[in-house]
1. Could you list, in sequence order, all residues of the stretch 83-110 that are in contact with a helix residue (DSSP H, G or I) (Cβ under 6 Å, 6 or more places away or on another chain), surrounded by fewer than 22 Cβ atoms within 10 Å (Cβ to Cβ) and within 14 Å of residue 137 (Cα to Cα)?
2. Picking from 54, 40, which residue would you name as being within 17 Å of the chain's Cα centre (by Cα) and surrounded by fewer than 23 Cβ atoms within 10 Å (Cβ to Cβ)?
3. With the requirement that a residue be in contact with a helix residue (DSSP H, G or I) (Cβ under 8 Å, 6 or more places away or on another chain), closer than 26 Å to residue 122 by Cβ and not in a helix (DSSP H, G or I), what does the stretch 148-194 give you?
4. Among the listed residues 263, 228, which satisfies the condition of being exposed (fewer than 15 other Cβ atoms within 10 Å of the Cβ) and either over 20 Å from residue 133 (Cα atoms) or at pLDDT below 95 (or both)?
5. Taking the criterion of being surrounded by fewer than 24 Cβ atoms within 10 Å (Cβ to Cβ), in contact with a strand residue (DSSP E or B) (Cβ under 7 Å, 6 or more places away or on another chain), at pLDDT 95 or above and not in a loop (DSSP other than H, G, I, E, B), would at least one residue in the stretch 122-134 satisfy it?
6. Scan the stretch 133-159 and report the pairs whose first residue is on the phi > 0 side of the Ramachandran plot and whose second residue is assigned to a helix (DSSP H, G or I), with Cβ atoms within less than 8 Å and a gap of 6+ or a chain change.
7. Give just the number: which of (1) touching a helix residue (DSSP H, G or I) at 6+ places or on another chain (Cβ under 8 Å); (2) crowded, with 16+ Cβ neighbours inside 10 Å does residue 25 not satisfy?
8. With 201, 210, 257 as the choices, which residue is in a loop (DSSP other than H, G, I, E, B) and out of contact with any strand residue (DSSP E or B) (no Cβ under 6 Å at 6 or more places or on another chain)?
């Protein structure tokens, strides 16, 4: 891990720019990290950027929420935006190497004394898509995953939203009809085709029923596939009255409930 410039203070805490060496290709990958204060290990919140953004995208939204709880905060880059302007787009958009970047970053910050206990994962839109890919990649790593208005099927979304079609094709290497190798990229990067692994995570999916960018049927189809495969899965779905939106405050309130359960269990054992 390399240390670069210290970005700024957030709620009295230093938000650092770090570079973490990829275990796949050996390149330094940037992340933002803010350590919890004090001598005791605290939870880790991992926030994922949206489709067209990079690691700074969730800084303003998540820094205050993590700071007021005194949680560690990790904002990874995972190869940048899923856009034609990103020269490494083929490595972004849920690619295996992008997933490993997030796992590498979590493993690195877990070495710090401030990090211990629950690990929570949050993302909306493109970050919602990636949060589901990470739920599939490491379902037992995350204490809970909160995914908002996610893209779950790149085949379907390419047809549904022409504005994003060239970006999907850039990341996946072409159109699905170009051949099995390209179609395989669409499947590999689509959470719907990882339903069996996702079903092993603890997950809450939220989607606005009036979402004009990503139809709510993305979340509905994935949920139905998950419960068909694993009826006892700890996966929950909310179709709410709204559009293409994510509510970090609600996500973290749900994460809080896991700490309350831990506290109640400790009191029961010691009582």
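The values are calculated or read from the model by the stated rules, or taken from the named source; none is laboratory data. What you see is a predicted model; the values in this text were computed from it and never measured. Because the Cβ atoms are built from the backbone with ideal geometry, glycine has one as well, and the counts that use them run over all protein chains shown.
1. 97, 99
2. Exactly one of 54, 40 is within 17 Å of the chain's Cα centre (by Cα) and surrounded by fewer than 23 Cβ atoms within 10 Å (Cβ to Cβ), namely 54.
3. Of everything in the stretch 148-194, those that are in contact with a helix residue (DSSP H, G or I) (Cβ under 8 Å, 6 or more places away or on another chain), closer than 26 Å to residue 122 by Cβ and not in a helix (DSSP H, G or I) turn out to be 148, 149, 150, 151, 152, 153, 189, 190.
4. Numbers: 228 fails: either over 20 Å from residue 133 (Cα atoms) or at pLDDT below 95 (or both).
263 is the lone residue from the list that is exposed (fewer than 15 other Cβ atoms within 10 Å of the Cβ) and either over 20 Å from residue 133 (Cα atoms) or at pLDDT below 95 (or both).
5. no
6. Between residues of the stretch 133-159 that are on the phi > 0 side of the Ramachandran plot and residues that are assigned to a helix (DSSP H, G or I), the close pairs are 149/128; 149/219.
7. (2)
8. Working: 201 fails: out of contact with any strand residue (DSSP E or B) (no Cβ under 6 Å at 6 or more places or on another chain); 257 fails: in a loop (DSSP other than H, G, I, E, B).
Just one listed residue meets the conditions, 210.
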